[in-house]
Amino acid sequence: MPDSNASDRVVYRTCPLCEATCGLELTVRDERVVRVRGDRDDVFSAGYLCPKGVALGELHDDADRLRQPLIKTATGFREASWDEAFAAVEAGLMPILARGERNAVAIYAGNPVSHNFGANLYLRALIRALATQNFYSASTVDQMPKHVVSGLLFGDPQALPVPDVEHCEFLLMLGANPWESNGSLWTAPNLPGRLKALRKRGGKLVVVDPRRTRTAAHADEHHAIRPGTDALWLLALARVIVFERLAKPDRLAKITSGLEPLRELLAPFTPQEVAARCGIAAEHTLRLARELAASPAAAVYARFGTHAARFGTLAAWATELLNVLTGNLDRRGGVMFPRGVHERSREGTGGGKGFRLGRWRSRVHGHAEVMSELPVATLADEITTPGRGQVRALLTIAGNPVLSTPDGSHLAAALEQLEFMVSVDIYLNETSRHADVILPPPSALERSHYDLFFTRLSIRAVANYSPAVFTHEGLSESAILARLALIARGEGAQADAAIIDGELLDELVQRELAHPQSLLSERDIEQVLASLDGDEPCERILDFLLRSGPQGEGFGRRVDGLSLARLRAHPHGLDFGGLEAQLPGLLKTPSGRIELVSEVVSAELTRIRAQLLEQPPGDALLLIGRREFQSNNSWLHNLPSLATGHASCVLHMHPDDAQRRGLADGDAVRIRSSAAEVLVPLALTSDIMSGVVSLPHGYGHGLAGTRLKVANGVNGASANDLTECVVEGPSGNAVLNGVMVDVAAA
Ligand SMILES: Nc1nc2c(c(=O)[nH]1)N[C@H]1C(S)=C(S)[C@@H](COP(=O)(O)OP(=O)(O)OC[C@H]3O[C@@H](n4cnc5c(=O)[nH]c(N)nc54)[C@H](O)[C@@H]3O)O[C@H]1N2
Ligand SMILES: Nc1nc2c(c(=O)[nH]1)N[C@H]1C(S)=C(S)[C@@H](COP(=O)(O)OP(=O)(O)OC[C@H]3O[C@@H](n4cnc5c(=O)[nH]c(N)nc54)[C@H](O)[C@@H]3O)O[C@H]1N2
Ligand code: SF4
Ligand SMILES: [Mo]
């Protein structure tokens with residue numbers, strides 16, 4: 001810790017790196033961050049942080065982080081002015097757009113977009129300007145099954161219930177490892193602490209995971225499950241509850257349709273039948289089903305490991321089915337819908353248009369559209385397969401699909417076939433090296449921050465705004481996306497980003513005016529707009545959202561209501577309380593009820609019987625992933641404090657499996673899948689179940705033409721060279737866990 005200094009400046013900000021939204025205290029001296037600590041006064045995180053948050057200063061200072069646009073030339077990239085860069089984008093994009101085939105330009109948006117409110121708000125303008133059906137994002141290598149199920153059941157794919165961990169007494173957790181990941185689709189800083197508290201007050205934590213993870217080690221019970229079989233096992237739990245007449249949906253019964261056919265639908269999934277396929281003995285399944293049903297406040301939570309695997313949608317469905325059958329959906333201590341602080345209350349109607357998928361299909365493989373997206377697993381084939389609608393240009397925004405999406409080397413080769421590519425990214429990395437133009441947004445400390453996205457998934461309605469720590473010479477990310485949108489619309493490289501600012505704000509105004517209890521009726525709209533706070537246009541949009549949201553000051557209606565100004569005055573955040581019951585008001589299904597059984601679900605139940613339940617148990621070696629505490633997908637490996645000093649990218653294997661193959665700890669091994677083969681060191685551990693091996697993703701740096709001095713020296717291969725372009729089912733999510741592999745001495 002540095003000695004304090006009279007010129008030190010202490011600032012508070014929310015960490016934008018993962019979903020936990022920790023409050024940080026940064027000490028700045030001579031325009032450098034000299035210390036990062038957890039902000040003990042933060043209303044939500046109370047001082048908690050992890051090593052990634054500590055590295056934010058290092059990320060800002062990283063000499064390899066891009067500060068100027070880059071344009072590709074015959075001899076490599078050269079630095080360019082912003083005007084030159086946008087002119088190059090216009091020159092590259094217009095000839096393709098002029099051919100009149102709107103699907104010829106694709107967009108891929110990566111995970112950091114969801115941690116960046118400017119990018120989040122303005123991405124919409126870009127998508128709209130291009131009007132392409134080829135929109136892809138990290139959602140289809142992550143959580144799309146969860147959205148599909150919320151869409152089908154509740155009519156709103158964004159209505160994602162989260163465990164009420166503060167009051168829960170029995171938490172059944174599958175395919176999640178919050179001890180390393182800090183939680184996902186479940187915003188709660190210091191989840192390890194909250195889970196310890198759950199157990200301390202007499203609650204029970206049961207973890208289902210092919211590996212004995214750190215989370216599993218802190219649980220009351222751990223059950224190893226064969227990858228890709230969670231849906232089967234969860235269906236067996238539901239069967240026990242239904243057939244033993246333990247279901248008590250209580251008040252949910254009145255607002256749920258589809259309870260009647262369950263007996264028939266679930267009949268084949270007996271604990272005995274599924275046991276050999278899942279690797280969990282029937283006696284445990286029976287007992288856990290009974291315990292789950294008997295608990296007055298239980299939650300079933302399934303995450304990444306179950307979604308990015310075979311039958312991910314069905315696993316997500318069976319998860320919510322259990323929460324409904326036990327009466328724990330929307331109940332204190334069960335799973336509840338976060339309240340949000342800036343979104344105009346969704347309440348009131350209890351019914352709506354519902355959710356549809358498959359409004360269009362991908363050209364080559366016919367995958368269904370979901371939430372206006374196509375599966376990124378199919379992007380490479382959309383680029384390489386000739387024909388009308390072939391993707392000829394790609395814009396990547398905050399994404400590194402070459403390392404993060406399946407069959408990455410196939411995608412990398414496809415990117416070389418594009419006529420034109422633009423990356424909005426802070427690094428010249430494995431993906432952006434393929435771009436013709438790279439546009440670098442400000443660092444995380446050069447922009448203001450508000451969690452537009454994760455407050456929707458939070459166990460408390462918390463609002464926290466952080467101003468930029470450092471000033472920035474270049475363009476904001478929202479301005480970059482606005483300029484791209486204007487180019488796409490044919491308004492030229494010089495067009496003023498303010499056009500898009502005005503349109504986005506106007507859209508919000510119109511939406512508010514259309515609201516039955518509009519806050520703007522009887523208001524002078526010009527005056528309201530002039531009163532919006534914020535140094536940047538995206539901040540004024542944020543102010544509008546805050547002021548019109550459920551906690552908002554309502555444009556003068558509530559003196560103590562929320563606004564950007566009020567948040568500025570509260571650097572440790574404002575807490576508007578915990579989870580509250582929200583049904584049936586939140587439902588947007590056509591019937592106004594929870595629609596448990598749909599055609600999509602019935603078809604998946606038929607498919608899992610044929611393809612899993614009625615097949616002999618598999619004995620192939622299956623590859624799964626592994627997140628580690630200091631990692632963040634593919635992109636923090638250039639920071640010495642996080643990436644060096646430990647060997648991460650090693651293959652974990654059970655000693656019995658190694659013995660059978662004549663392998664020993666530390667051996668160099670060749671992993672082969674149907675997609676490719678890679679070489680990595682082997683580490684033996686009995687923490688992984690036999691028949692399963694694990695390799696972290698996000699490695700495989702060191703590719704020619706990248707500018708990542710530290711990362712390029714980190715050993716490791718890309719797990720996504722091994723994964724295949726296979727999707728799990730109706731959500732189009734890639735199957736990243738449970739990939740069949742062979743392992744042999746290298
Ligand atoms: N095998 C396997 N594959 C996986 C996973 C797995 O567990 N196993 N996990 C999946 C999951 S959950 C996810 S979310 C995806 C992530 O997939 P992606 O989002 O495609 O990949 P990231 O590695 O997160 O890359 C983020 C990119 O954003 C850039 N970046 C960082 N901050 C900013 C910013 O503020 N603005 C802009 N414009 N760029 C920025 C980084 O330099 C990097 O290039 O990977 C998925 N892939
Ligand atoms: N340190 C760190 N934190 C992160 C990230 C990171 O890269 N590093 N990434 C962030 C992102 S983008 C996300 S989406 C979240 C994800 O956060 P989580 O949802 O918690 O996901 P993981 O940490 O990948 O844990 C998934 C677990 O599923 C297990 N698993 C694999 N296959 C199966 C299966 O078929 N069934 C079951 N039951 N389990 C299986 C794995 O062994 C692993 O322990 O983490 C976020 N936080
Ligand atoms: S847990 Fe997540 S939000 Fe908290 S400091 Fe670490 S990376 Fe940042
Ligand atoms: Mo993710």
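Observations, loosely collected:
- Rounded to the nearest whole Hz, the Karplus-based 3J(HN,Hα) values (6.51 cos²θ - 1.76 cosθ + 1.60, θ = phi - 60°) of segment 27-38 follow the sequence 9, 10, 9, 6, 6, 9, 7, 9, 7, 10, 10, x, with x at glycine and proline.
- Rg then Dmax, both in Å and based on the Cα atoms of segment 251-351: 15.9, 48.
- The share of accessible area on segment 502-575 that comes from carbon and sulfur is 50 percent, using a 1.4 angstrom probe.
- For LEU24, the residues 5 or more places off, or on other chains, whose built amide H falls under 5 Å of its own are ARG13, THR14, CYS15, ASP39.
- Residues whose amide H falls under 5 Å from that of TYR699, counting only those 5 or more places apart or on a different chain, are ALA719, with hydrogens built in the peptide plane.
- Too-long pairs where the Cα-Cα distance tops 29 Å, listed order kept, from LYS196/LYS588; LYS146/LYS254; LYS254/LYS353; LYS146/LYS709; LYS146/LYS353; LYS52/LYS72: LYS196/LYS588; LYS146/LYS709; LYS52/LYS72
- Diffusion of segment 520-577 by Stokes-Einstein, at 4 °C in a medium of 1.567 mPa s and with Rh set to the Kirkwood radius over alpha-carbon pairs, works out to 111 µm²/s.
- The portion of the accessible surface of segment 94-215 made up by carbon and sulfur, rounded to a whole percent, is 49 (1.4 Å probe; DNA, RNA and ligands excluded).
- Positive-end residue, the chain charge dipole about Cα centroid, Cβ charges, pick of PRO210, TYR699, LEU545: PRO210
- Shape call, segment 617-745: gyration tensor on alpha carbons, a/c limit 1.5: oblate
- The trypsin sites (Lys or Arg not before Pro) of segment 1-77 include none that DSSP puts in a loop with a beta carbon having at most 11 other beta carbons within 10 Å.
- Under the convention that each Lys and Arg Cβ holds +1 and each Asp and Glu Cβ holds -1, the size of the dipole of segment 9-61 around its Cα centre is about 120 debye.
- Per-residue ³J(HN,Hα) for segment 56-70, Karplus 6.51 cos²θ - 1.76 cosθ + 1.60, θ = phi - 60°, Hz, x for Gly and Pro: 4, x, 4, 5, 4, 7, 3, 5, 7, 5, 6, 10, 10, x, 10
- Within the chain, the longest run free of GluC sites (Glu not before Pro) that sit in a DSSP loop with at most 13 other Cβ atoms within 10 Å is 32-243.
- Accessible area expressed per residue, the chain, with surrounding protein chains retained (probe 1.4 Å, Å²): 36
- Around ALA620: net Lys/Arg minus Asp/Glu count, Cβ-Cβ under 14 Å: +2
- Local electrostatic count at ASN177 - Lys and Arg +1, Asp and Glu -1, tallied over other residues with Cβ under 9 Å: +3
- Dipole magnitude of the chain about its Cα centre (Cβ charges: Lys, Arg +1; Asp, Glu -1), debye to nearest 20: 1640
- Cβ-based net charge around LEU663, under 13 Å, with every Lys or Arg adding one and every Asp or Glu removing one: -2
- Square roots of 5 times each gyration tensor eigenvalue, C-alpha, segment 167-240, largest first, Å: 21, 14, 11
- With θ taken as phi - 60° and the Karplus curve 6.51 cos²θ - 1.76 cosθ + 1.60 applied, the whole-hertz 3J(HN,Hα) list for segment 563-575 is 7, 4, 4, 5, 5, 4, 7, 10, x, 9, x, 10, 10 Hz, x standing for glycine and proline.
- Surface share of carbon and sulfur [accessible, 1.4 angstrom probe, percent] for segment 629-746: 51
- Under the shape rule built on the C-alpha gyration tensor, where the axes satisfy a ≥ b ≥ c, segment 9-61 is oblate, since a/c reaches at least 1.5 while a/b does not exceed b/c.
- A quarter of the convex hull surface defined by the alpha-carbon atoms of segment 446-542 gives 8.4 nm² as the mean projection.
- Tail weight of P(r) past 53 Å, computed on alpha-carbon pairs of the chain, percent: 6
- For segment 548-604, trypsin sites (Lys or Arg not before Pro) are listed when DSSP marks them as loop and at most 13 other Cβ atoms sit within 10 Å of their Cβ; the list is ARG557.
- As a length-normalised measure over Cα pairs under 8 Å and 6 or more apart, the relative contact order of the chain settles at 20 percent.
- Between segment 602-620 and segment 679-711, the C-alpha centres lie 31 angstrom from each other.
- Net charge dipole, segment 502-575: roughly 300 debye, given to the nearest 20, about the Cα centre with Cβ charges of +1 for Lys and Arg and -1 for Asp and Glu.
- Less than 5 angstrom separates the built amide H of VAL714 from none of the residues sequence-distant by 5 or more or on a different chain.
The values are calculated or read from the model by the stated rules, or taken from the named source; none is laboratory data. Please read these numbers as outputs of a predicted model, since none were measured by experiment. Reconstructed Cβ throughout: ideal geometry from the backbone, glycine too, with neighbour counts over all protein chains shown. When the accessible area is computed, the model is the full protein with side chains, heavy atoms only, and any ligands, DNA or RNA have been set aside. Shrake-Rupley method; radii C 1.70, N 1.55, O 1.52, S 1.80 Å.
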